[in-house]
Amino acid sequence: MVSSDGPDLATRARRVAYGAYRWAGRLGRRILGPDPAAGPAALPGPDPDAPPWLPLPGGGSPTLCPVCRWRGDAFDGPAHVELALCPQCGSNGRDRFLHWCLAERVALGPELRIIECSPRMGAAYRAAMSTWFFYRTSDFDLRAHAGNLRLDLQAIDLPDACVDVLVCAHVLEHVPDTGKALAELRRVVAPGGHLLLQVPVLQAATAPPETPEFHGDHTPVFWRFGFDLTARLREAGFRTDLLCTAEFAAAAADPEGGNPWPMWAAEFDVPDILAGARAGDVPEDLVVVADGPEASRIGAEPGYMYLTWDCRVPNGEGSP
Ligand SMILES: [Zn+2]
């Protein structure tokens, strides 16, 4: 807000914060230097006019896109993890929940080394990310989701402990050997770093598809994951929480065992998902990152569609 006397205090504070972020980002890139592994499809350099990452704005609008900061009355299309698109950047529900989790769980700053595996979003998104962070994208076959690194998650061609945040959304189900992939993901994440992992959770327990299954880009699906993925991530050496919305946690904790979503989307086996979420240690694994109003504001409803694993690499003895 600008008054006739010039910017108000909040605006001036934001400008100082912008300056500090830009300075830290330049310093970080100078120390790290150009990425020697970057392939010919390397991203363009940081856009000097793009704003650095800042904490997400608070209330005051019915919706907020945590990816591009768009605020308005409603997202486009029905409430669904693959739909409810942001009119400005095209993010869908799971893109926004992933970025919400990133902001909730990671101390974000321009010095972070972030690799995103096969990002769904395109050039404008990637350019913005590479302005905010030391950011690279990867893909296995450089086809549908061409990145600037070619990585096989079962044998990642990167040094140990070289990444602060690995963002891996809707990729692991396309990798044949989950155990190898988890060991490799654990190896390349630096102490204190995070793997933010999303997979479609359509059922309670992990199993291969009963019939050959392909996603829209003709990539085969090897696994349909369930809640037992948490234990496998812990076996691989991660400290793992399963991030969800308050709506999902409440359903998992319902002593009556009811189903709050009687009209669930057919590809999700909601009764099985609810049974899995109420079994064993799963209720204790759940961590709420968005309360009801927050989930509604970022378009992360209905709750059974929104799960993300936050997997941390211990930063020495006694650290969280
Ligand atoms: Zn957006």
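Readers should treat all values here as calculations from the given coordinates under stated rules, not as data from a laboratory. Keep in mind it's a predicted model, so treat the numbers as computed, not measured. All Cβ positions, even for glycine, are placed from backbone atoms using ideal geometry, and neighbour counts span all protein chains on display.
What residue, among those in the range 87-114 that are within 16 Å of the ligand (Cβ to nearest atom), free of Cβ contacts under 8 Å to residues at least 60 places away in the same chain and of a type in the set (A, V, I, L, M, F, W, C), is surrounded by the fewest Cβ atoms within 10 Å (Cβ to Cβ)?
ALA103
Would the range 75-98 turn up any residue that is more than 19 Å from VAL189 (Cβ to Cβ) and touching a Lys or Arg at 6+ places or on another chain (Cβ under 6 Å)? Before the answer, list the steps.
Going residue by residue through the range 75-98, those that are more than 19 Å from VAL189 (Cβ to Cβ) are 75-97.
This time we only want the ones that are touching a Lys or Arg at 6+ places or on another chain (Cβ under 6 Å), so: 81.
Yes: the range 75-98 contains one or more residues that are more than 19 Å from VAL189 (Cβ to Cβ) and touching a Lys or Arg at 6+ places or on another chain (Cβ under 6 Å).
Among the residues of the range 99-133, how many are of a type in the set (Asp, Glu) and under 19 Å from ARG239 (Cα atoms)?
We begin by selecting, within the range 99-133, every residue of a type in the set (Asp, Glu); these are 104, 111, 116.
Still in the list and also under 19 Å from ARG239 (Cα atoms): 104.
Counting residues in the range 99-133 that are of a type in the set (Asp, Glu) and under 19 Å from ARG239 (Cα atoms) gives 1.
Let's see how each residue does on (1) in contact (Cβ under 8 Å) with a residue 24 or more places away in the chain; (2) buried (at least 18 other Cβ atoms within 10 Å of the Cβ):
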| residue | (1), (2) |
| --- | --- |
| ARG234 | no, no |
| ASP241 | yes, yes |
| GLU247 | yes, yes |
| TRP264 | yes, no |
| PRO271 | no, no |
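Within the range 50-74, can you find the residues that are in contact with a helix residue (DSSP H, G or I) (Cβ under 9 Å, 6 or more places away or on another chain), in a loop (DSSP other than H, G, I, E, B) and more than 9 Å from the ligand (Cβ to nearest atom)?
Across the range 50-74, the qualifying residues are ALA50, PRO51, PRO52, TRP53, LEU54, PRO55, LEU56, GLY59, SER61, PRO62.
Any residue at all in the range 220-231 that is among the β-branched types (Val, Ile, Thr), out of contact with any Cys (no Cβ under 8 Å at 6 or more places or on another chain) and under 30 Å from ALA107 (Cβ atoms)?
yes
Mind listing whichever residues of the range 115-125 are more than 12 Å from the ligand (Cβ to nearest atom) and not in a helix (DSSP H, G or I)?
Kept after step one, since they are more than 12 Å from the ligand (Cβ to nearest atom), are these residues of the range 115-125: 115-120, 122-123.
Passing the criteria: ILE115, GLU116, CYS117, SER118, PRO119, ARG120, GLY122.
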